[in-house]
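The values are calculated or read from the model by the stated rules, or taken from the named source; none is laboratory data. From a predicted model like this one, the values you see are computed outputs, not experimental measurements. Here the Cβ is made from the backbone with ideal geometry for all residues, glycine too, and neighbour counts use every protein chain on show.
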Amino acid sequence: MLASPLKGTIVHHKNFSSKFVPSRLIDVWLPEGIDTESKESLPVIYMQDGQMMFHYPESIFAGRDTFWDVDKAIARLVQSDEIRPPIIVAVASALDPSHENWHKDARRAEYMPQKPVEEFLKNVLELGESIPTDIGGIDEESYVISSDNYLKFLVDELKPFIDKTYPTLSAQVDTFVIGSSMGGLISAYAVAEYPHVFGGAACLSSAWTAMDGATSDWHNDTVVEWFGNHWPSAGRNRVYFDYGTRELDAKYEPGQKKMDAALRKHGFKEGKDWITRRFAGAGHRPKDWRERLHIPLKFLLGVD
């Protein structure tokens, strides 16, 4: 699979350093006609698993069908006057094997919502019960999760740099976060923890069930229950969820229905404050997310 030309311009920050998380690749994509000196300011979307957003020859995954082709989706929607053009900040995950400190569980440790799991583990230990062995993405010996530090990195380090360097609309109403699978969970967690920073999120194929073939539903119930108790009230944030019916996505419907109930509990009105979509026949692959990315983009950035 050859890389077709990028729409717009991409700037690579190859080893963006942080005091909270390991350094990583940050790709910043600017729509056509926009550069660092532009007078026009644009909304910003922070995207998880950033190494899969844009297909360019230098990518470590070049030639594979692992890309969302965000640039092409946005170019089509802007050309048809369906969305406001955004700046995309593609944040590579800790799974990026080009990183010298790569570890197979590092991505999930950064993307698993931290406070729900810590509260769950505390309650289990206080009751004297055994800790589940199917906590996907957590070090089995220390049960360390780093998603709170990951969000601090986004909010306290990366966002200030982006707002200083690029022509952004920095207000909450113009700042969004998007991810899939575990990236969907951390995107929802970002809104729950920083509702004053992120005005909206798109969470595709959110991984509501435990990973790695685990069969228990502790993960599902624990994370959704926490969101139900900590989600912001309706009126300032919008959120998009979806799931398919094949592969890993086939496990997600029960958890998504519980999340939908949590949103209603907090006053979110379906179609206005939030959308959940079910895609029959869709699986758990970048091509599936690529094919429907236009839907959350229009929900978050649609032109009235």
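Consider region 52-70. How many of its residues are modelled with pLDDT of 95 or more and of a type outside the set (A, V, I, L, M, F, W, C)? Adding up the residues that qualify gives 1. Looking only at region 132-153, filter to residues that are in a loop (DSSP other than H, G, I, E, B), surrounded by 13 or more Cβ atoms within 10 Å (Cβ to Cβ) and hydrophobic (A, V, I, L, M, F, W, C); which one of those is modelled with the highest pLDDT? Ranking the candidates gives Ile145 first.
Looking only at region 229-261, residues that are within 19 Å of the chain's Cα centre (by Cα) and of a type outside the set (Lys, Arg) come to 18 in all.
Of the numbered criteria (1) charged (D, E, K, R); (2) assigned to a loop (DSSP other than H, G, I, E, B); (3) at pLDDT below 95, the one Lys19 fails is (3).
Taken residue by residue, region 230-248 has at least one member that is within 16 Å of Ser180 (Cα to Cα) and modelled with pLDDT under 95. A count restricted to region 22-49 and to residues that are in contact (Cβ under 8 Å) with a residue 60 or more places away in the chain, in a loop (DSSP other than H, G, I, E, B) and crowded, with 17+ Cβ neighbours inside 10 Å stands at 5.
Scanning region 283-300 for residues that are touching a helix residue (DSSP H, G or I) at 6+ places or on another chain (Cβ under 8 Å) and more than 15 Å from Cys203 (Cβ to Cβ) gives Gly283, Arg285, Pro286, Arg290, His294, Lys298. Taking the criterion of being modelled with pLDDT of 85 or more and not aliphatic (A, V, I, L, M), the residues of region 82-113 that qualify are Glu82, Arg84, Pro85, Pro86, Ser93, Arg107, Glu110, Tyr111, Pro113. Within region 1-52, the set of residues being charged (D, E, K, R) and out of contact with any Asp or Glu (no Cβ under 6 Å at 6 or more places or on another chain) comprises Lys14, Lys19, Arg24, Asp27, Glu32, Asp35, Glu37, Lys39, Glu40, Asp49.
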